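Working notes, structure below.
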Amino acid sequence: MEIPLYTRHLLSAWVCLLTLHLVNWDRVLSEASQLQDVGTGSPAATRVAIHWLRNCIAGHWQCNIAMHRRFFPTRVLDTGPPGILAEPVLLEADSYRGPYVALSHQWGTSTLPRTTLANIKQRRQSIPLAELTNTMRDAISIVRNLGFRYIWLDVACIIQDSKEDWLAESSKMADVYRSAILTLAVADAEDHSEGIFRPREAHCVRPIRFEDFRMPRRERSWFDGEGALYIVPSSHQVAKGVRPRGPLDSRGWILQEQLLSPRILYYGKGELFWDCISTSASESSPVSASLLDDEKSSETWAMKLIRRAIVGGGDPGTVQRYMQNVWIELIQNYSARSLTRPLDKLVAMEGILSAVEQIFGDAVVAGLWKDGLWRQLTWWTVSKEVTVDSQPTAARFTAPSWSWLNVETPVLYRNTLHPEYKELASVVQIREVREEVLSTKAEIRGRLTISGLTFPYLLTSDDFRVKIWKQFHRKHLNCGQWWLDEPLELPQKIECLILAEDANLKMLVCLCLIPAQEEGVFKRIGLCHWEGMRHEVYRFAKIRPEERLITIV
């Protein structure tokens, strides 16, 4: 019989009750309430963090699978023996052994004290604390308070002015985070000058225990069990267990760190958040958080599932069954993030691609998996202006036009987990798909050959008008929706390749194509959700779809 860890009893929009059945948590919260608690760096916050960590190491077998890997970073910072406030020292892999903590953070715009070819010899002797940023000093303090000694910081442990060292160490970054005993994440700081610790926003963050509490005219028998009774404040200043998205979640490199780390301790705005492969929690909901309170529950579910798959802790059947949904959620998340160097678009997710490739034995092609490729092609991005009036101003990552990696704006998909969208079915056959990644990893070339129904269409600016306007001109315009991947002079004659059909919504999903420079080859310029079924195409295109073999670059 499964015993619930806690039970919530909602009393109002501001307060709910929590009945704890875990003696350990009861003791931890009692101890924390006696400690100084003015911010996220306080002894009370650290006490809760230590309990999360100990619980995970002692009881979460899924989170500990990665700990069996014997990997040590090339360099770490040694913060000194327990109880001794020493200046940190840069150590090489052959001079230390033991668990290490990794840091996930934003560099920001300020100049950071980097390890270089000129100062690495001195840093092997000592690094004055005064030279470090607020974030670095706070991170060292956390490591010591949690009982660890070593920490990995990219800015200090990679030689920043050595291209050879950067390439060698960036290729190991996935292993660094997968093997760390814990990853510290600075959730809401955009710059190192802000540090990690934040003052409390609410007067009360954690549940408060009531020793003798009775509801008016009620007996205690209505509670589920005789656990300790706690009251949980509920307001806009308390996160209810779900970590709000912040500046850290806007960075491209960070996604790899979030997915590959077995356990992450987030320092947020006003409270701490815990996220391991098994459990998510916060100081305001210390036992666990519910997806029901998460505005992006599908994304959170997908990230948790792929993390379990990467460490080998998920059910293979479940992961395989939902892999397409998981990958689509990941694409949407990653494409909405930014990179300081757009050319790093592939490099920044190589660790994820490599890990997932090992799990499923499938081949990745330009950021898409061969299995179920047709559905991954149904992405779109926010429509751009329909006239060409600007030129690119910076070097950009280039990929085949059919890959989401080729656009610089957030990518969107229909949520096929929703019951309304489960009828989408492929009407094409993928004949061949191949890629070539250039040695610089700043460009991917590829070709996709598809057999399917196509029809020509004259795309005009009227096609981008709102649906209600098009309904008044229904004899001439289809009421579907169009999205362009790039600026396009209109009117333009395009080729529509029908990828899929939804019998429930009476809709076609079409790739919008124009001729490429190579004879007989096309490139993608957008996507269309065409209103109606295949037999209704003639009404608007004045031609019936024909079967063709199309090559797209």
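Scanning the range 82-113 for residues that are among the polar types (S, T, N, Q) and open to solvent by 70 Å² or more (accessible area, probe 1.4 Å) yields a total of 2. Whether a residue is among the β-branched types (Val, Ile, Thr) and either within 31 Å of the chain's Cα centre (by Cα) or under 15 Å from Cys528 (Cα atoms) (or both) was assessed, and Ile468 does not pass this test.
Quick check on this structure: which one of Lys172, Lys163 is in contact (Cβ under 8 Å) with a residue 12 or more places away in the chain and open to solvent by 40 Å² or more (accessible area, probe 1.4 Å)? Criteria check complete, one pass: Lys172. Glu283 passes all but one of (1) touching a residue at least 60 places away in the same chain (Cβ under 8 Å); (2) closer than 24 Å to Trp380 by Cβ; (3) among the acidic types (Asp, Glu); which number fails? Status for Glu283: all satisfied but (2). Taking the criterion of being of a type in the set (Ser, Thr, Tyr) and at pLDDT 90 or above, the residues of the range 7-55 that qualify are Thr40, Ser42, Thr46. Residue under question is Glu350, and the condition is that it be in contact with a helix residue (DSSP H, G or I) (Cβ under 6 Å, 6 or more places away or on another chain), open to solvent by 20 Å² or more (accessible area, probe 1.4 Å) and either outside the structural domain of Met173 (by the TED database) or hydroxyl-bearing (Ser, Thr, Tyr) (or both); does it hold? When the stated conditions are applied, Glu350 does not pass them.
Selection over the range 263-292 of residues that are basic (Lys, Arg) and surrounded by fewer than 22 Cβ atoms within 10 Å (Cβ to Cβ) gives a count of 1. Inspection of the range 478-488 identifies no residue that is more than 36 Å from the chain's Cα centre (by Cα), of a type in the set (A, V, I, L, M, F, W, C) and farther than 30 Å from Val365 by Cα.
The values are calculated or read from the model by the stated rules, or taken from the named source; none is laboratory data. Only a predicted model underlies this, so the values are computations on that prediction, with no experimental measurement involved. When we count neighbours, we look across all protein chains shown, and the Cβ atoms used for this are built from the backbone with ideal geometry, even at glycine. Each accessible area value is taken on the protein alone, full model and side chains, heavy atoms only, with ligands, DNA and RNA left out. Shrake-Rupley method; radii C 1.70, N 1.55, O 1.52, S 1.80 Å.
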